[in-house]
Every structure is written in structure tokens, then in C-alpha cells.
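Student: One structure coming up, written as C-alpha cells, with questions to follow.
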Amino acid sequence: ATGEEGERRQRQEGEQQEQQKQQRQVAALVERDLEVRKHEQAHQAAGGEHAGSPTYQFSRGPDGKRYATGGEVVIDMGTIPGDPAATIAKMQQVRAAALAPDEPSSQDMSVARAASGKEAQARKDLMTLRQETTGPLGAYMDNRNQVIARHYQQAVRSASPHSLSQDV
């Protein structure tokens, strides 16, 4: 009887170890699921109208339940044709969405860099557009403002603090 009892104890210990292993796996999957969902929801919230809904990749745990182990949010990276100012605002929001999670992934960093590049190009386009639209009058006004600023600076510089007097 002692041999059977020993075998039964070994089986019970083995089953307990297997249960503990499964419990650790489930706990790790639950933690990963929460992390993935929080990460993707941060992208979506910061991306606003430019972000789609999160999609997830799931793994089945030893308990038979599905847990999110990966995910993504599609973000519209397209520029707004003919409106560089709107493109600048959009790319700022795209970059903010890419960097919104506590720990951005390498893909998130890549999206942020791409948005910064498109924003820089839009700023250049906006400057070009402003120069084209101001024409000769804009150039004249810029030159006039620079001359006025120089005269003002010279007047302020030449006034010595000792030349002021105050009679009481």
C-alpha cells in the first residue's frame, strides 16, 4: 500500500506543479493583454480622426481563453494636398499618436520620424507658398519693417542712460 500511496503523492505533486505553471502562464498572458490594449488605445486616443480602431493578435492560454499579445492602430500618414498648414497640424498629431504609449516600439519611433519628415517638408512648402503669394508688395513691406527696426535699434542704443535727467 505504501508504494501506491507514494505514486499517488508523486502524481499529485506533478499535477500541482503543472497547475502552478499554468497559473504563471495565465498571469503573464493577462499582464501582456493589459499592456497591449493600453498601448494601442493610447495610439488611438492621441491619433483622433487620423487613427483607426485597434486590431489585436491573440494567443490562447492554458485556461482556453484568448489574450491579446500584439496589436496595431492604422494611422493616416497622408499629406493634405494644397494645404501645407493643415499637413503640419496633421503630422504633429500623427507624431503625438505614435509617441503616446509609455514605451513606444521601434515601429512607433519610425512612424514619428516619418511624420516629422513630412511636417518639415510641409513647413518648407508653406514658406515657399507665402513667398509666392506676398509678391513685390510683401517684399517691400518686409524691407520697410527691417529699416524701421534698424532705426529703432540705433535710437535706443545711442540714448545713454546718463543723458536722462529728472528734476524734482
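Student: Scaled to the compact-protein estimate 2.2 N^0.38 Å, what is the alpha-carbon radius of gyration of segment 26-66, rounded to two decimal places?
Tutor: Cα Rg divided by the expected 2.2 N^0.38 Å: 1.37.
Student: Suppose we keep just the alpha-carbon trace of segment 1-95; what are its Rg and Dmax in angstrom?
Tutor: Rg then Dmax for segment 1-95, in Å: 24.0, 89.
Student: Report in % the part of the accessible area of the chain that belongs to carbon and sulfur, leaving out ligands and nucleic acids; probe 1.4 Å.
Tutor: The C+S portion of the solvent-accessible surface of the chain is 50 percent.
Student: Taking every pair of distinct Cα atoms and averaging 1/r, then inverting, what Kirkwood hydrodynamic radius in Å comes out for the chain?
Tutor: 22.3
Student: Add -39500 (n - 2.57) for each DSSP H run of 4 or more in the chain, then divide by its residues: what number comes out at 222 nm, to the nearest 500 deg cm²/dmol?
Tutor: -25000 deg cm²/dmol
Student: Let me ask something additional. Calculate how large, on average over all directions, the projected area of the Cα convex hull of segment 41-104 is; give the answer in nm² to one decimal.
Tutor: That works out to 4.9 nm².
Student: Please work out the FRET efficiency for the pair Ala96 and Lys38, using the Cβ-Cβ distance as r and a Förster radius of 22 Å; give the result to the nearest 0.05.
Tutor: 0.85
Student: Where does segment 77-148 land on Rg/Rh, using Cα atoms and the Kirkwood Rh?
Tutor: With Rg and the Kirkwood Rh in hand, the quotient comes to 1.21.
Student: In nm, to one decimal, how far is the Ala155 label point from the Gln17 one, both placed 7 Å along Cα→Cβ?
Tutor: 9.2
The values are calculated or read from the model by the stated rules, or taken from the named source; none is laboratory data. These numbers were taken from a predicted model, which means no experiment stands behind them. Neighbour counts are summed over all protein chains in view; Cβ atoms, including those assigned to glycine, are modelled from backbone coordinates with ideal geometry. We work out accessible area using only protein heavy atoms, side chains counted, and drop any ligands, DNA or RNA first. Shrake-Rupley method; radii C 1.70, N 1.55, O 1.52, S 1.80 Å.
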